[in-house]
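Readers should treat all values here as calculations from the given coordinates under stated rules, not as data from a laboratory. Predicted, not measured: the structure shown is a model, and the values here were computed from it. FYI the Cβ positions are ideal-geometry reconstructions off the backbone, even for glycines, and counts take in every protein chain you see.
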Amino acid sequence: MELDSIPIKGKKYVLVKTRLQYFREHYKNGKIETEILHFDSESVMIKASAYVDDTLVATGIAHEVKDASYINKTSFVEVCETSAIGRCLGIMGIGITDSVATWDEVNNAQKQQEAMEKVDELRNYKANTIGSLLFNAINEEDEESIVELLSEMRGDKELKRLVRDELTPEHLHYLADRKERLAEERKTKKVEKIAKNQEFAKVWAAEEKTKELIA
């Protein structure tokens, strides 16, 4: 059964709505149910099931990540449900031309890939910039700039890896020594703070005892 399709890179893909319209028209006793298999703030997985005369005839599963594309940021659950229904109907045999995938699914995947490529491009540019600035800051032992540049990478492991590739072994060694030195300084300050608090407690206790004797 060949339905109206849209070509993408030489292959034909059918819209989910076209598959759904065919299903509604040709299976009067048919119904489609969806079930959320997984859901959290980051992603969702949905299963779609097609029934004809209350008999299960096909299922389809889709998975979407919230930050994968612009539309997913606000509608990743809806996008996932649409994809699951499209795959379910495709597995049932509706709208299959060159692929079970629908135009909606392929188009969304392409947008996600483009978004990921843009993110990678921006990260590489940022890594190159930070790497160059950090290179100079280390040479000049500019602690203020080093702190600022390192904070720019906080929480981004891939960015850290790319920046490390911009530095020489000598610069990496400098950062490792700096990290160890700062850790020792924090440890020393902590010990000094504990000693200071203990001394304060002793003085306070002595003063309280003196007050009791006077009273």
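Just a few scattered comments:
- Over 25 Å apart at the Cα level, from the set LYS17/LYS73; LYS17/LYS66; LYS157/LYS190, are LYS157/LYS190.
- Cβ-Cβ distance of ARG186 and ASP54, R₀ of 41 Å, FRET efficiency by 1/(1 + (r/R0)^6): the value works out to about 0.05.
- Segment 71-77 - phi-based ³J(HN,Hα) in whole Hz, Karplus 6.51/-1.76/1.60, Gly and Pro as x: 5, 5, 4, 10, 9, 5, 5
- Expressed in units of 2.2 N^0.38 Å, where N is the residue count, the Cα radius of gyration of segment 116-207 is 1.59.
- In order along segment 79-96, the phi-based Karplus estimate (6.51 cos²θ - 1.76 cosθ + 1.60, θ = phi - 60°) of 3J(HN,Hα) comes to 4, 5, 5, 4, 5, 5, 5, x, 5, 4, 5, x, 5, 5, x, 8, x, 7 Hz; Gly and Pro are listed as x.
- Ranked by the mean number of other Cβ atoms within 10 Å of their residues, highest first, the peptides 169-175, 61-67 fall in the order 61-67, 169-175.
- Where trypsin sites (Lys or Arg not before Pro) fall in DSSP loop in segment 111-176, at most 11 other Cβ within 10 Å: ARG154
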